[in-house]
């Protein structure tokens with residue numbers, strides 16, 4: 001169908017236990033066969049000198065980050081630094097993440113790979129594409145076409161070795177095995193009585209797949225086998241559900257404005273409360289450090305609660321009601337350091353805001369209101385180290401921004417230093 005996306009392109013040199021120069025040679029050969037050219041991350045002529053300090057050019061890019069490239073995993077370590085100031089966020093516009101293959105229809109997905117310098121886009125043009133992210137050329141790695149399968153949502157597995165994709169009018173979903181280059185259709189799941197499978201979430205530790213069904217049902221599947229483990233039910237319809245950062249809990253929001261918190265192991269409801277002032281819930285997310293829960297509503301209000309209050313209180317009060325959207329808040333996403341919350345609406349152009357935490361004030365310089373480019377934001381994501389931020393739009397573009405405050409993709413520590 002297309003060029004195979006090899007396992008070596010997602011594995012670090014430490015994992016493959018190969019000398020770095022041999023790994024670079026192998027990666028370069030594979031990339032040249034697939035794409036016709038030598039990528040910057042495989043160019044041994046631009047090796048970084050040991051001990052050289054990072055420098056930042058006028059565009060805000062770290063020289064050492066560019067040379068690290070796809071060879072390194074991003075890691076989960078966030079370098080200690082001064083807190084992000086409120087008011088204005090230092091950022092720059094980059095070339096669209098999918099510039100080498102823009103979609104001719106609505107993009108429904110943008111997501112950064114959990115451990116490689118890669119971003120994925122997908123949409124109703126029946127395609128899934130992978131790009132190397134450098135902020136300057138963002139070369140395409142691969143695209144696959146799914147016949148008669150407009151993609152509603154696509155997500156990487158926790159280990160980054162698979163992509164799960166659902167459609168807008170199908171109970172079948174696809175699993176793309178990037179290690180073997182195979183596209184595996186899952187036609188049905190035994191015991192899963194759903195006519196359409198659209199919305200889902202992947203547990204961060206990689207064990208479970210959560211499917212949001214009709215009539216208030218949440219279905220928990222084993223990720224490895226795609227077998228149904230159990231189903232949970234809320235009142236009304238599920239409008240959003242996510243796992244906690246450690247995968248031990250599930251947070252769900254309903255069209256009746258109620259939030260349910262579930263224990264994954266026992267499937268017991270730990271708490272249930274009404275999202276303050278919410279008539280119809282539309283989205284929900286949890287910060288990466290587990291400190292905050294953000295709930296979006298049809299009115300555009302986003303309530304932010306402390307996680308402890310959500311677990312303990314029957315009527316928790318939000319620490320902040322963010323009222324900067326006037327249409328339904330359909331997309332919510334915290335960055336890796338829990339210093340930024342992105343909120344967006346797919347019902348209006350330029351309806352994306354970046355909220356500073358813990359002041360819960362909106363950064364005044366985003367978006368640029370006199371230059372409309374955010375057409376109906378469908379999905380948003382931060383790169384694992386928060387150096388990049390991308391927005392999938394109704395016009396088929398994955399807009400890309402570079403946050404100067406944060407590093408891009410390379411590990412803070414080298415392999416030699418743990």
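Read-outs throughout are calculated quantities, based only on the coordinates presented, and are distinct from any laboratory measurement. Here the structure is a predicted model, which is why all the values come from computation and not from measurement. A quick note on method: Cβ atoms are made from the backbone with ideal geometry, for glycine too, and the neighbour counts reach across all protein chains shown.
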**Q.** Where labels lie 7 Å past Cα in the beta-carbon direction, separation of residue 361 and residue 92 in nm
**A.** 2.6 nm
**Q.** For segment 149-207 versus segment 357-408, the gap between their alpha-carbon centres in whole angstrom
**A.** 26 Å
(Q) If I take every Cα pair under 8 Å that is 6 or more residues apart in segment 222-271, average their sequence separation and divide by the length, what percent do I get for the relative contact order? (A) 25 percent
Q) For segment 290-376, what's the relative contact order in percent, using C-alpha pairs closer than 8 Å and at least 6 residues apart? A) 21 percent
Q. Ranked highest first by average number of other Cβ atoms within 10 Å, how do 227-235, 326-334, 172-180, 116-124 line up?
A. 116-124, 326-334, 172-180, 227-235
Q: Between residue 205 and residue 235, take the C-beta separation as r, use R0 = 30 Å, and let me know the FRET efficiency to the nearest 0.05.
A: 0.55
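For 183, 164, which order do you get if you count the other beta carbons within 10 Å of each Cβ and list the fewest first? Could the numbers behind the result be given before it?
Values: 183 17, 164 20.
Final ranking by Cβ density, sparse to dense: 183, 164.
Before anything else, pin down the relative contact order of segment 255-337: Cα pairs under 8 Å, at least 6 apart, normalised by residue count, whole percent. Numbers along the way, then the final one.
Values: 188 pairs, mean separation 23.1, N = 83.
For segment 255-337, the relative contact order is 28 percent.
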Q) If the chain between residue 184 and residue 270 were fully stretched, how many nm would it gain, using 0.36 nm times the residue separation less the Cα-Cα distance? A) 27.4 nm
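Go ahead and run the numbers for FRET between residue 324 and residue 224, Cβ-Cβ distance against an R0 of 30 Å, rounding to 0.05. It would help to have the intermediate numbers written out before the result.
On the way: r = 41 Å, r/R0 = 1.37.
Plugging the Cβ-Cβ distance into 1/(1 + (r/R0)^6) gives 0.15.
What order, most packed first, do the peptides 244-250, 109-115, 388-394 have when packing is the mean number of other Cβ atoms within 10 Å of each residue? Walk me through the intermediate numbers first.
On the way: 244-250: 17.7, 109-115: 22.7, 388-394: 25.1.
The densest-packed peptide leads the list: 388-394, 109-115, 244-250.
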Q: Please give the FRET efficiency for residue 148 paired with residue 311, using the beta carbon to beta carbon distance and R0 = 45 Å, rounded to the nearest 0.05.
A: 0.55
Q. Cα gyration tensor of segment 213-338, axes a ≥ b ≥ c as square roots of the eigenvalues: rounded (a/c below 1.5), prolate (a/b > b/c) or oblate?
A. prolate
Q.
Cβ neighbours within 10 Å, averaged per peptide: list 280-291, 85-96 in order, most packed at the top.
A. 280-291, 85-96
